[in-house]
Amino acid sequence: AQQLGTPLSNQEYRQFFRSLRATHRASTACLLRELYGCQNPLVRRLDEYENHGAIPEGPICSELPGTPFFPDFCTFSFYRCTRKRYFIKV
């Protein structure tokens, strides 16, 4: 069992994004985020699933050189969507 709020493992990320592998599916998920925001129930479920049931609060550290942290998970997710870098983990 994983700790609430921790990111998915590499294998879990592959499973999580399996349904989003096609560009149009990933774009659709990002469009939902853009249109409805992070408080939308569907978007929240995706965020919770990605983080073992709890959306992390506070600053989010990233693996991105030059962009070490984001103020919250929503900002981090929007960044991934706009840059089309869906597999960036925290």
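The values are calculated or read from the model by the stated rules, or taken from the named source; none is laboratory data. Not measured: the values here are computed from a predicted model. Here the Cβ positions follow ideal geometry from the backbone for every residue, glycine too, while neighbour counts run over all protein chains shown. Surface accessibility is based on the protein's heavy atoms, side chains included, excluding ligands, DNA and RNA. Shrake-Rupley method; radii C 1.70, N 1.55, O 1.52, S 1.80 Å.
Run the numbers for C61 and Y36: contour at 0.36 nm per residue of separation, minus the present Cα-Cα distance, in nm. List each step's numbers first, then the result.
Values: separation 25, 0.36 × 25 = 9.00 nm, distance 2.44 nm.
Additional length available on full extension: 6.6 nm.
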Virtual paramagnetic centre 7 Å along Cα→Cβ of S9, amide N under 19 Å, in the stretch 32-60:
49-54
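Sort 53-61, 65-73 by the packing proxy (mean of other Cβ within 10 Å over each peptide's residues), most packed first. Can you show the working numbers first?
Values: 53-61: 14.2, 65-73: 12.4.
Result, highest mean first: 53-61, 65-73.
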Scanning the chain, every Cys lacking a C-beta partner under 4.7 angstrom -> C61
Using 7 Å Cα-to-Cβ label points, what is the E48/T82 separation (nm, one decimal)?
2.8 nm
Please work out which option in [x] 20, 15, 12; [y] 25, 16, 14; [z] 17, 15, 14 gives semi-axes √(5λ) of the Cα gyration tensor in Å calculated from these coordinates, and answer with its label.
[z]
Hey, can you find the accessible area per residue of the chain for me, probe 1.4 Å, expressed in square angstrom?
65 Å²
